[in-house]
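Each remark here refers to the structure printed beneath this line.
The values are calculated or read from the model by the stated rules, or taken from the named source; none is laboratory data. Bear in mind the structure is a predicted one, so any value in this text is a computation, not a measurement. Because the Cβ atoms are built from the backbone with ideal geometry, glycine has one as well, and the counts that use them run over all protein chains shown. Accessible surface is based on the protein model in full, side chains and every heavy atom, while ligands, DNA and RNA are left aside. Shrake-Rupley method; radii C 1.70, N 1.55, O 1.52, S 1.80 Å.
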Amino acid sequence: TAALHISCLALGLKKDDIVWTSPITFVASANCAVYCGAKVDFVDIDRNTYNISIKALIEKLEVAKAQNKLPKIIIPVHLSGQSCDMQEIHRLSKIYNFKIIEDASHGIGGKYKGEYIGSCRYSDITVFSFHPVKIITTGEGGMCTTNDPKIANRLCLFRSHGITRHENEMTKKSDGPWYYQQIELGFNYRMTDINAALGLSQLDRLDEFISKRHAIASKYDIAFADKPLITPYQHPDSYSSYHLYIIRIQNLSEGLNKLNLFTTLREAGILVNLHYIPVFRQPFYEEIGYNNEDYPESEKYYEEALSLPVHTLLTDEEQNFVIESVLNFLSRQKTFIKNNSDKDLNGFQTIF
C-alpha cells in the first residue's frame with residue numbers, strides 16, 4: 001500500500017486528478033489515489049482473465065476524452081499473478097497521455113511475453129507486495145521497480161520523509177557534510193533491514209515457489225476438467241505466478257451455488273476465500289457513487305468466484321481432499337478419491 005501511495009506521488013498525482021483501476025482487486029489499488037486527493041474510477045474486467053478489459057478500457061477512454069475527464073494514471077492489476085495486456089495498455093497510454101502503475105501484488109515470479117513482471121517495459125512503475133500471504137514475504141512491506149532514474153529518485157524521496165542529502169536538489173548551498181534538507185512532505189515508509197533480509201532469503205527460492213504453484217494448479221485443472229466449473233484461463237502471452245487459483249461456479253440448481261460451496265468447504269476445514277468483493281461495493285466508495293451496472297463482468301465474477309488453496313506447503317493429500325470435497329459437492333454424493341493413488345489423476349475426470 002505504501003509503495004502504491006508513493007508511486008502515485010512520484011508520478012505527480014494531485015488533488016482532483018483521475019485514476020482508473022480494476023474493481024476486482026484489494027482496496028489499496030484504489031485507496032492509494034484517494035490518499036493523494038485524486039478521484040477514482042473503475043474499468044470493467046475481461047470475462048476470461050479477470051484483469052482489466054481492453055475493450056472496456058478503449059470505450060471508457062473514448063468517452064472520457066469527449067468529456068475532458070481522462071485519467072492521469074491507470075493502475076492495471078495482475079489478478080492471481082496473470083499479467084494484464086500491458087503492451088496494449090501501453091499503446092493506449094501514448095494516445096491518451098496517461099501514466100501506468102502495474103499493481104503486481106500477486107505477480108512476482110510471473111512473466112509477460114517472456115519477461116518477468118516488473119521489467120517495466122510497458123509501464124512507469126511496477127509495485128509488488130510482500131504481505132505474509134504473498135508468494136514472498138517480508139512480514140510486511142512492498143517494492144517498486146522502475147526504469148526511470150528520476151522516478152526512482154522521487155520514490156526514494158517520498159519513502160523517507162521527503163529528505164535529500166543531494167546538493168543538486170537543495171535550495172541553498174550545503175552547510176557541511178552533515179547537512180540535509182526536507183524538500184517534500186514525505187513519509188516514513190522505509191522497510192527495516194530485518195524485513196528486507198527475510199525477503200532476500202526467499203528470493204533465491206522464487207522459481208521453486210512458482211513451479212510448485214504451477215504443479216498444484218495443473219492438478220486442479222485435470223481434476224476439474226469437464227466439470228461444471230470454470231477454471232482459470234491462461235493467456236498465451238502470460239506465465240502466471242498462480243498466487244491464486246480461482247474457480248467460478250454458476251448456479252446449477254437449488255443449493256448448488258458459490259455460497260453453498262463456500263460454506264461446505266469451510267465446514268470441512270478448507271479455508272477457501274473470495275478475491276475480491278468489487279471495490280465499488282465497499283461503503284466508502286458507495287458514498288462516492290458508482291453505478292454497478294457499469295461493471296457487468298465484475299458483478300458476475302463476484303456472484304461466481306471462489307479461491308481454492310494453492311500455497312506451496314499444500315500436500316498432495318490435502319489437495320486431494322480439496323478436490324474430493326468440491327467434486328462431492330457437485331455430485332451430491334460421497335466418494336473416496338483421497339484413498340486413490342495420487343498418480344492416478346485421470347481418475348478425477350471419470351468419477352462423475
Number of the condition not met by E324 [criteria: (1) of a type in the set (D, E, K, R); (2) surrounded by fewer than 20 Cβ atoms within 10 Å (Cβ to Cβ); (3) over 21 Å from the mean Cα position of the chain (by Cα)]: (2)
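Please give the strands (runs of 3 or more DSSP E) falling wholly within region 1-88 in which 2 or more residues are open to solvent by less than 10 Å² (accessible area, probe 1.4 Å).
Result: 18-21, 73-75.
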Any hit, region 227-240, residues being surrounded by fewer than 14 Cβ atoms within 10 Å (Cβ to Cβ) and over 29 Å from Q87 (Cβ atoms): yes
Selected residue (only one of L198, L155 is surrounded by 15 or more Cβ atoms within 10 Å (Cβ to Cβ), touching a helix residue (DSSP H, G or I) at 6+ places or on another chain (Cβ under 6 Å) and part of a helix (DSSP H, G or I)): L155
Enumeration of residues in region 94-136 that are outside any loop (DSSP other than H, G, I, E, B) and either in contact with a Ser or Thr (Cβ under 9 Å, 6 or more places away or on another chain) or within 15 Å of H5 (Cα to Cα) (or both): K99, I100, I101, E102, D103, K111, Y112, I125, T126, V127, F128, S129
Among the candidates E293, E208, residue that is more than 21 Å from the chain's Cα centre (by Cα) and either among the acidic types (D, E) or closer than 21 Å to T315 by Cβ (or both): E293
Test for Y50: is it over 15 Å from the mean Cα position of the chain (by Cα) and aromatic (F, W, Y): no
Subset of region 216-226 that is surrounded by fewer than 16 Cβ atoms within 10 Å (Cβ to Cβ) and farther than 19 Å from N273 by Cα - its residue that is nearest to the chain's Cα centre (by Cα): S218
Among (1) farther than 16 Å from L327 by Cα; (2) open to solvent by less than 60 Å² (accessible area, probe 1.4 Å); (3) in contact (Cβ under 8 Å) with a residue 60 or more places away in the chain, the one test that L256 misses: (1)
Given (1) open to solvent by less than 50 Å² (accessible area, probe 1.4 Å); (2) out of contact with any helix residue (DSSP H, G or I) (no Cβ under 9 Å at 6 or more places or on another chain); (3) not charged (D, E, K, R), number of the condition T263 does not satisfy: (1)
Residue count for region 279-298, restricted to those that are open to solvent by less than 80 Å² (accessible area, probe 1.4 Å) and in a helix (DSSP H, G or I): 7
Filter pass, S174 being open to solvent by less than 60 Å² (accessible area, probe 1.4 Å), assigned to a loop (DSSP other than H, G, I, E, B) and farther than 30 Å from L327 by Cβ: yes
Hits in region 218-245 (condition: over 17 Å from F329 (Cβ atoms), outside any loop (DSSP other than H, G, I, E, B) and out of contact with any Gly (no Cβ under 9 Å at 6 or more places or on another chain)): S218, K219, D221, I222
